[in-house]
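Below is one structure, written out as structure tokens; comments come after it.
The numbers here are math on the coordinates, done by the rules we state, and not lab data. Quick caveat: nothing in here was measured; it's all calculated off a predicted structure. Because the Cβ atoms are built from the backbone with ideal geometry, glycine has one as well, and the counts that use them run over all protein chains shown.
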Amino acid sequence: MKKMDDGALDEARLASLLKESAKAEPGLLLTDPAGVASLLFLGDGMPQVLRRINRYGLEPSACGVVLAARGAGGAVQAEGALADFVREGCSLEGEGARHVRGVAPWPLSDSPESRLVQAASLFSHALPPQPALGSFEDFSVPASPQERARWWLERQAVCLVLGVCPLSALLSPELSLERMADLASKACQWEDLMPETLRNKAWEVIGKSASLAGASGKLPASWAGPEFEASLQGLLQAP
């Protein structure tokens, strides 16, 4: 067997790599709904700009907030601003952009329950802090902002416990806690998995996550206040 030198070995490895198409825009895998939504103001330039953001390794939602704050009106202007971000650095606070703990806020809603979900910052901001299709009424969730935020956190924690797609729990009212417990018990042969057991496990996850997570970032000044802080603390307490 002929021994290959290091150069030949590197060439052999490179030959097995998938080469990018020569097309100007061969495609883009969209995995971050919040990032996409934060860049929709760019119109047809959104995919091009998002692709550049991904190549730079930047956070799409935050980039969308900053680009909008800078008044970027098209793909060329936005890509120029992104190059400035990489070269000079930037921050949401420095740009005067509103943000919450962790990352930029989901851009579709500024409702009281969405503020609570974003401020809690326990699960991915890539998911909307509300039902993905339909309304809270479709899921029979009470009108209280704290109860709505509590429903969202519980759904995300249940998905984490069961290892299922967290977006699915925001799509279908039929996928209730009772239904998820029933399906999981059959799939895992977990005969004593009752809805209340699953709920307790979910709030155990929420409680431990809240105790381990340190607040990163700050709340917008318009949100801050004793009433909001009290609601946030109450939200994180198990029912």
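Tabulated values for the structure
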{"read-out": "Contour excess over end-to-end distance, with Cα ends at L29 and A187 and 0.36 nm allotted per residue", "value": "53.8 nm"}
{"read-out": "Percent RCO, i.e. relative contact order, over the range 30-97, from Cα pairs under 8 Å lying at least 6 residues apart", "value": "33"}
{"read-out": "Residues in the range 25-68 that a label on D84 would reach, taking backbone N under 16 Å of a point 7 Å out along Cα→Cβ", "value": "63-68"}
{"read-out": "Net charge of neighbours whose Cβ lies under 15 Å from the Cβ of D32, counting Lys and Arg as +1 and Asp and Glu as -1", "value": "+2"}
{"read-out": "Residue order, fewest to most surrounding Cβ atoms within 10 angstrom, among F139, F228", "value": "F228, F139"}
{"read-out": "Whole-number D in µm² s⁻¹ for the range 30-97, Kirkwood Cα-pair radius fed into Stokes-Einstein, 10 °C, 1.306 mPa s", "value": "137"}
{"read-out": "Contour minus Cα-Cα distance for D138 and D110 (0.36 nm per residue)", "value": "8.1 nm"}
{"read-out": "Distance between modelled label sites at E227 and L171, nm, 7 Å Cα→Cβ extension", "value": "3.8"}
